[in-house]
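Worksheet: the structure to be examined is printed underneath.
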Amino acid sequence: MHALHRVTHFTIIGPYRLSVAFRDGTVREIDFEPVLAGVLYGPLRDQELFSRVRLDPEVHALVWPNGADFDPATLHDWPEHLPALVDRARQWDSQTVSGRER
């Protein structure tokens, strides 16, 4: 069974960068730029849209107006998940470039 992580608050600390605090006291500084690709996350490259991030009070996750979100467990363990997320982002970008966007 995995731990249930909840985001308690966040601060925008730079372009595509957030400091994210969790209920267990963990704080992560996350650079989202390497994973902003594809239909859902690509629009967040627009800095104005990215800065409209908010904390969903029900699921304690970061969400954006376009429907993008990140699971709190993924954010909590970001260093472990980052390589796979970057690989997916590259795949999404290659699909967009080749016109096979889903």
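Summary table
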quantity: Members of segment 10-23 that are touching a residue at least 24 places away in the same chain (Cβ under 8 Å) and more than 19 Å from residue 68 (Cβ to Cβ); calculated: 22, 23
quantity: Check on residue 54, more than 17 Å from residue 78 (Cβ to Cβ) and either in contact with a Leu (Cβ under 9 Å, 6 or more places away or on another chain) or of a type in the set (Phe, Trp, Tyr) (or both); calculated: yes
quantity: Segment 33-60, residues that are modelled with pLDDT of 95 or more, of a type in the set (A, V, I, L, M) and farther than 15 Å from residue 85 by Cβ; calculated: 49, 53, 55
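The values are calculated or read from the model by the stated rules, or taken from the named source; none is laboratory data. Keep in mind it's a predicted model, so treat the numbers as computed, not measured. For neighbour counting, all protein chains shown are included, and Cβ atoms are generated from backbone atoms with ideal geometry for every residue, glycine included.
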